[in-house]
1. Counting only other residues whose beta carbon sits under 13 Å from that of Ala39, what net charge do I get with K and R as +1, D and E as -1?
2. Could you work out how much longer the chain between Phe30 and Val105 gets when fully extended? Use 0.36 nm per residue separation minus the Cα distance between them, nm to one decimal.
3. Please give the contour-minus-distance gain from Ser57 to Arg91: 0.36 nm per residue of separation, less the Cα-Cα distance, rounded to one decimal in nm.
4. In nm, what is the difference between 0.36 nm times the number of residues separating Ala39 and Thr15 and their Cα-Cα distance?
5. When Lys and Arg each count +1 and Asp and Glu each count -1, what net charge do the other residues less than 14 Å away from Arg70, Cβ to Cβ, add up to?
6. Could you give each residue of segment 35-49 its phi-based ³J(HN,Hα) in whole Hz, using Karplus coefficients 6.51, -1.76, 1.60 with θ = phi - 60°, and x for Gly or Pro?
Amino acid sequence: MAYSGYVWSEPPSMTAMKYHRAGFVEKRPFLPGERLSLAREMETNVAGFREVSKNLSYARREASNQDRVRQSYSLERTPTTSYYKSVVGTRSSKGSGGIFYSEQVGRLGTFSASRRL
């Protein structure tokens, strides 16, 4: 079947026509009670709005719970660890006569999960 480029779209609902009268929607905050009355109107006039609204509120609640859990895990006390590296050691060697040479030797550090080593 060849693509003709013609797409049929449903005519907009009366609610959409009401709010798109001028061709655009002004961005303004809802007045007191307007959000609730709009939600009631959408529940009665738009098919499936109630289910979508419930799913959206459930998803928002789950997202906030996950954020709360994530923050509580980050605020938990980190395990006590310590890093121990002994003082730089010296290695001495006897030279000719009564002369001793000393060389500094670095030692490896270790992590420990407990305070005592």
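1. Details: positive: Arg35, Arg40, Arg50, Lys54; negative: Glu34, Glu41, Glu43.
Net local charge, Ala39 excluded: +1.
2. Details: separation 75, 0.36 × 75 = 27.00 nm, distance 7.31 nm.
Length gained between Phe30 and Val105: 19.7 nm.
3. Working it through step by step, the gained length comes to 5.2 nm.
4. Gain in length upon complete extension: 7.5 nm.
5. So the environment of Arg70 carries a net charge of -2.
6. Once θ is set to phi - 60°, the couplings for segment 35-49 become 5, 5, 5, 5, 5, 4, 5, 5, 4, 7, 9, 9, 6, x, 5 Hz.
Read the figures in this text as sums done on the coordinates, not as results from a lab. Just so it is clear, the structure is predicted and the values come from calculations on it, not from any experiment. Reconstructed Cβ throughout: ideal geometry from the backbone, glycine too, with neighbour counts over all protein chains shown.
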